[in-house]
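Single-structure report; data block below.
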Amino acid sequence: MELDHNAGVPPLMPFTLRQLAYLVAAADAGTIVVAAARMHVSPSTMSDAISELERIVDTRLCVRRKAHGLTLTTAGDRVVADARVLLRGAQELYVALNSKADQLSGPITVGCFPTLAPTVLPPLLSAFATEHPQLDIDVVEAPQDRLAQMLESGRVDLAFVYDVQLPRGVHRAKLFALPPHVLLPAGHRLAGAPHVQLEELAAEDFIMLDSPPSSTHTLSIFDARGVTPRVRHRTGNPDVVRTLVGRGLGYGMLIQRHMNPDAVTGFPVVVKEIFPAVPPLAIDVVWSADLRPTRRIEAVIDFARRVQWPPIPSVVGA
C-alpha cells in the first residue's frame, strides 16, 4: 500500500496574501489611488492584483468608478471581512516566528477617545513602551462610534473609551471612573459656592462638549434633573470648552479633570461638583469578542489593569 504523504495537508490557495491585502486597503480607502499610495505601489499594480483576485474566485468583488471611487459588492464585503482575519493571522504568525519567546514585538494599534488621551496615553507611551521596547505602538484618536467600527474591522486592536453606548461584540475591563463636574468662570456668582445645582444654571448659556457619546450622556444628566440647557456653543474639544468658559461666555460640563485648568486657557475657571451627586462614568479598555486577543493585546490589557489611574474624586452628597 502506497502512503499518501500529502494526506491532511490543505491545498495551496491560488490567490495570495498580497492580493487580499490590496483589496482590504482599497476597501478602507474607498479609492485605489489612495490605497495604492498608502501601500507604496502604483494604482495599476493594485488594480491588476484585485482584478486577478476576482478572476481567481470568479466573482465580482468591487465596483470601480473613476468619479465615485470603489464600492464593494455583497461578495466583496464577505471576502474583505474574512481577509482581515486571515491577514491578521498571517501577521501574528510572522511576528511569532521572528520574536523571542520572552519578548513581545511587532505592531499594535490602540484607539482612544480624544478627551481620554491626556490621561491614557502618557503611561501607555512611556511606562508600557519601556516594558516592551520592541513593540511598535500606533495610536488612533477618534469618536467612540468610529472606534467601534475600527475594532470590528480590526483596524485597531483595542480602545480606551467611556462606558456609554458600547457596541455589542466587545469584551471590556473597567479601569477607573470619574463624575462629571461643572466649569464656571472665575468671576461667576457661584464661584465661591461649595457645589452647584444644575437648576441654578438653567437660565445661563451652556458650552457643550459635542463629541458622541459625551453629548448624549451630558444631555441625559440634564434631562434627569428636568433641566433643558441653553446651548450657546458646541465644540468637540474640551480645551475649547475651558477657554470659552474662562472668557465668560457660559458654563460647561466635563468629565476629564485637567491638572491645571487655567494653564490651558489663560483665563481662570472654577471646577464645581454637582449636587445632588451625579454617578461617576466608567472608563474602559475594550477589545473584540470575535477575535482572539494576541499576546500584545493581552499585555496592554494587563498593563491597563495595573496602572494607578486617577482616583475617583469625592462627590458631594454621595
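The values are calculated or read from the model by the stated rules, or taken from the named source; none is laboratory data. Predicted model, so just to flag it, every value in this text is computed and none were measured. A quick note on method: Cβ atoms are made from the backbone with ideal geometry, for glycine too, and the neighbour counts reach across all protein chains shown.
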Given the structure, is Gly111 modelled with pLDDT of 85 or more and closer than 21 Å to Val170 by Cβ?
-> yes
Does any residue of segment 246-255 turn out to be buried (at least 21 other Cβ atoms within 10 Å of the Cβ), at pLDDT below 90 and assigned to a loop (DSSP other than H, G, I, E, B)?
-> yes
In segment 55-80, how many are among the basic types (Lys, Arg), touching a Ser or Thr at 6+ places or on another chain (Cβ under 8 Å) and modelled with pLDDT of 90 or more?
-> 1
Mind listing just one residue for me: the one in segment 168-180 that is crowded, with 16+ Cβ neighbours inside 10 Å and touching a helix residue (DSSP H, G or I) at 6+ places or on another chain (Cβ under 7 Å) and, of those, modelled with the lowest pLDDT?
-> Val170
Quick one: count up the residues across segment 119-140 that are in contact (Cβ under 8 Å) with a residue 24 or more places away in the chain, surrounded by fewer than 18 Cβ atoms within 10 Å (Cβ to Cβ) and within 13 Å of the chain's Cα centre (by Cα).
-> 3
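Per-residue answers, yes or no, for (1) part of a loop (DSSP other than H, G, I, E, B); (2) modelled with pLDDT under 85; (3) among the polar types (S, T, N, Q); (4) closer than 30 Å to Gln91 by Cβ:
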{"residue": "Val264", "(1), (2), (3), (4)": "no, yes, no, no"}
{"residue": "Phe267", "(1), (2), (3), (4)": "yes, yes, no, no"}
{"residue": "Val270", "(1), (2), (3), (4)": "no, no, no, no"}
{"residue": "Ile297", "(1), (2), (3), (4)": "no, no, no, yes"}
{"residue": "Val300", "(1), (2), (3), (4)": "no, no, no, yes"}
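Condition check ((1) touching a residue at least 12 places away in the same chain (Cβ under 8 Å); (2) under 26 Å from the mean Cα position of the chain (by Cα); (3) farther than 22 Å from Ala159 by Cβ) across all residues:
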{"position": "Lys174", "(1), (2), (3)": "yes, yes, no"}
{"position": "Gln197", "(1), (2), (3)": "yes, no, yes"}
{"position": "Pro213", "(1), (2), (3)": "yes, yes, no"}
{"position": "Thr216", "(1), (2), (3)": "yes, yes, no"}
{"position": "Leu219", "(1), (2), (3)": "no, yes, yes"}
{"position": "Arg230", "(1), (2), (3)": "yes, no, yes"}
{"position": "Arg242", "(1), (2), (3)": "yes, yes, yes"}
{"position": "Pro268", "(1), (2), (3)": "yes, no, yes"}
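Return the only residue of Ala191, Ala159 being in contact with a Lys or Arg (Cβ under 9 Å, 6 or more places away or on another chain) and either modelled with pLDDT of 95 or more or in a loop (DSSP other than H, G, I, E, B) (or both). It would help to see each step written out before you state the result.
Details: Ala159 fails: in contact with a Lys or Arg (Cβ under 9 Å, 6 or more places away or on another chain).
It is Ala191.
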